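A.B. asks: Please find one structure pasted underneath; my questions will follow.
What follows draws every value from the coordinates through simple rules; no lab data is involved. Quick caveat, the model's predicted, so the values are computed rather than measured. Please note: Cβ atoms are built from the backbone with ideal geometry, for glycine as well, and neighbour counts cover all protein chains shown.
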Amino acid sequence: MNLEYTTEEEAFRDEVRAFLKDKLPKRLSDKVRTGKRLTKADMEEWHAILNEKGWLAPHWPEKYGGTDWSVMQKFIFETEAAQAHAPRIVPFGLSMLAPVLIKYGTEEQCQHYLPRILDGTDWWCQGYSEPGAGSDLASLKTSAVREGDHYIVNGQKTWTTLGQHADWIFCLVRTDASGKKQEGISFLLIDMDSPGIEVRPIKLLDGDEEVNEVFFTDVKVPVENLVGEENKGWTYAKYLLTYERTNIAGIGASMAALEQLKEVARTTKRGGKPLIEDPLFAQRLAKLEIDLENMKTTNLRVLDAAGKGGAPVAESSMLKIRGTEIRQEIGSLMRRAAGRYAQPFVAESMDEGYNGAPVGPEWTGPVSSQYFNNRKLSIFGGSNEVQREIISKAILEL
Ligand SMILES: Cc1cc2nc3c(=O)[nH]c(=O)nc-3n(C[C@H](O)[C@H](O)[C@H](O)COP(=O)(O)OP(=O)(O)OC[C@H]3O[C@@H](n4cnc5c(N)ncnc54)[C@H](O)[C@@H]3O)c2cc1C
């Protein structure tokens, strides 16, 4: 199904395109287009440009700085920005914590934290997973014991993405170990500068250090940093995951990547013919395009439900599975198209200014690193196997 826009939607799309043409720095879009790694300063630069325009938080209520965009406008903005190779906005504060604060936090917490997310004062990271609690997240053990007007936090989080840059971490902590494990979890906001916190990097398959271990030893956290009610954190955690999974699907990014793949398939020759004429390659490409078109519709359903305050659990799990499968398949086909040039795995080729010996056309440089990095997509935000279980419970009531 190809989406058709109304006249108003076309006008909005043109406005978005003009903004991107005018305000998206070429240095940033070049980095995104050629698969280079973004620095913290790069991510902050684009965040600030969107904030200045008032387009940083389309999914927030207007009174906190959101736009009053329709579902289609949000979709148009996301897909146009991705197709212009704009950097993805770091989601932890903006798209994960903020919806939780808006739904379950106090007005004071909203007034304090939301403006700081918008203006970039606070960089957030997510403290959910632990060494013994990934898929089985409710088994988490990091404890928070109330002492007067503080909690004392002890334990360890792991896989904390971009935690090395973070000013704050939102954490799931155990405040009661006596009953059902889901019923003793609380949602706590912790200042990363608190004494007793240690961050250690984990090196990934592609050579990057984008994730960390975070250790807590007798960390004092004021009780006003609790979100919602004590021991009700599991409800808030699940609500947040709906937003996280929708975000991971990355439809706009896949649309842009598919365009690049098609261009590569048209211009790369195998056995004297363009790759796009290879029946096996063409068949995989066609399936990708069909899947992506179908996913757009599911995405609109999720955006619509989320916009009405709902938490579309099964649909966001569907989006997560299919969206990440598509992203991984695009990476696989890019690697196939690169052929022998995909063999040299040069992690530095993802860094700006990398000047190593050319081993193939420019686009082949980061193909292997990206392929390895993309393995994470079917693991984080809840593995795809676990998403299938969520769908079967929600829809089939198994
Ligand atoms: C790059 C990266 C970034 C991440 N960033 C963050 C972050 O910022 N913050 C954070 O809190 N977490 C983060 N995570 C953690 C992520 O959410 C977990 O890795 C994920 O939930 C899986 O948990 P696990 O690694 O403990 O694997 P496990 O839960 O041990 O699973 C191992 C395997 O068993 C399968 N499995 C487990 N249970 C079932 C089941 N019931 N049915 C079928 N199969 C099952 C899984 O699918 C998987 O294949 C990140 C992970 C990665 C890889």
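A.B. asks: Report the label-to-label distance for residue 167 and residue 194 in nanometres (one decimal), using points 7 Å from each Cα along the Cα→Cβ vector.
C.D. replies: 1.7
A.B. asks: Hey, with R₀ at 41 Å, roughly what FRET efficiency would residue 147 and residue 397 work out to, going by the Cβ-Cβ distance, to 0.05?
C.D. replies: Numbers: r = 43 Å, r/R0 = 1.05.
Computed FRET efficiency for residue 147 and residue 397 comes out at 0.45.
A.B. asks: Using only Cα atoms, find the angle between the long axis of helix 40-53 and the longest principal axis of the chain, and express it within 0 to 90 degrees, rounded to the nearest 10.
C.D. replies: 90
A.B. asks: While we're here: Give the order of 218, 291 when sorted by the count of other beta carbons within 10 angstrom, beginning with the fewest.
C.D. replies: Details: 218 11, 291 15.
Final ranking by Cβ density, sparse to dense: 218, 291.
A.B. asks: I'd like the orientation of helix 384-396 relative to the chain: the angle between its Cα long axis and the longest Cα principal axis, in ° from 0 to 90, rounded to 10.
C.D. replies: 70
A.B. asks: Something else now. Only Cα pairs under 8 Å and at least 6 apart count here; give the relative contact order of segment 100-152 as a rounded whole percent. Present the calculation step by step, with values, prior to reporting the outcome.
C.D. replies: Values: 21 pairs, mean separation 7.8, N = 53.
So the answer I get is 15 percent.
A.B. asks: I've got another one for you. Please enumerate, by chain and number, the lysines with C-alpha under 21 Å from the C-alpha of residue 262, excluding those fewer than 8 residues away in the same chain.
C.D. replies: Cα-Cα hits under 21 Å: 31, 36, 273, 287, 296.
A.B. asks: A follow-up question, please. Tell me the net charge near residue 324. Cut-off is 13 Å between Cβ atoms, residue 324 excluded, with +1 for each Lys or Arg and -1 for each Asp or Glu.
C.D. replies: Working: positive: 245, 320, 322, 327, 375, 376, 388; negative: 244, 291, 325, 329, 385.
After counting each charged neighbour, the total is +2.
A.B. asks: Can you compute the helix-only [θ] at 222 nm over the chain? Use -39500 (n - 2.57) per DSSP H run of at least 4 residues, normalise by all residues, nearest 500 deg cm²/dmol.
C.D. replies: Values: 12 runs with 180 residues, N = 398.
My calculation for the chain gives -15000 deg cm²/dmol from helical runs alone.
A.B. asks: Based on the Cβ-Cβ distance from residue 30 to residue 266, what FRET efficiency comes out when R0 is 35 Å, to the nearest 0.05? Intermediate results must be reported in sequence, preceding the final value.
C.D. replies: On the way: r = 22 Å, r/R0 = 0.61.
The computed FRET efficiency comes out at 0.95.
A.B. asks: Just how large is the dipole of the chain about the Cα centre, in debye to the nearest 20, putting +1 at every Lys and Arg Cβ and -1 at every Asp and Glu Cβ?
C.D. replies: Numbers: 49 positive and 58 negative charges, 301 e Å.
Value, rounded to 20: 1440 debye.
A.B. asks: Listing 142, 297 from the residue with the fewest other Cβ atoms within 10 Å to the one with the most, what is the order? List each step's numbers first, then the result.
C.D. replies: Working: 142 23, 297 10.
Least to most surrounded, the residues fall as 297, 142.
A.B. asks: Same structure, new question: Count neighbours as other Cβ atoms within 10 Å of each site's Cβ, and list the trypsin sites (Lys or Arg not before Pro) in segment 148-225 that are DSSP loop with at most 12 such neighbours.
C.D. replies: Values: sites: 157, 174, 180, 181, 203, 220; in loops: 180, 203.
Hits after loop and neighbour filter: 180, 203.
A.B. asks: Same structure, new question: What does the extension gain come out to for residue 293 and residue 385, with contour length at 0.36 nm per residue minus their alpha carbon separation? Could the numbers behind the result be given before it?
C.D. replies: On the way: separation 92, 0.36 × 92 = 33.12 nm, distance 2.31 nm.
Taking residue 293 through residue 385 to full extension adds about 30.8 nm, to one decimal.
A.B. asks: Moving on. Taking only pairs that are 8 or more places apart or on different chains, how many Lys pairs in segment 124-231 have Cα atoms under 20 angstrom apart? Mind dumping the intermediate values first?
C.D. replies: On the way: 141/157; 141/180; 141/181; 141/220; 157/181; 157/203; 157/220.
Taking segment 124-231 as the scope, the lysine pair count is 7.
A.B. asks: Which ordering of 173, 32 is given by a fewest-first count of other beta-carbon atoms within 10 Å? Intermediate values should be presented prior to the final figure.
C.D. replies: Working: 173 27, 32 20.
So the residues, fewest neighbours to most, are 32, 173.
A.B. asks: Separate question: To the nearest 10 degrees, how steep is helix 7-23 against the longest Cα principal axis of the chain, on a 0 to 90 scale?
C.D. replies: 90
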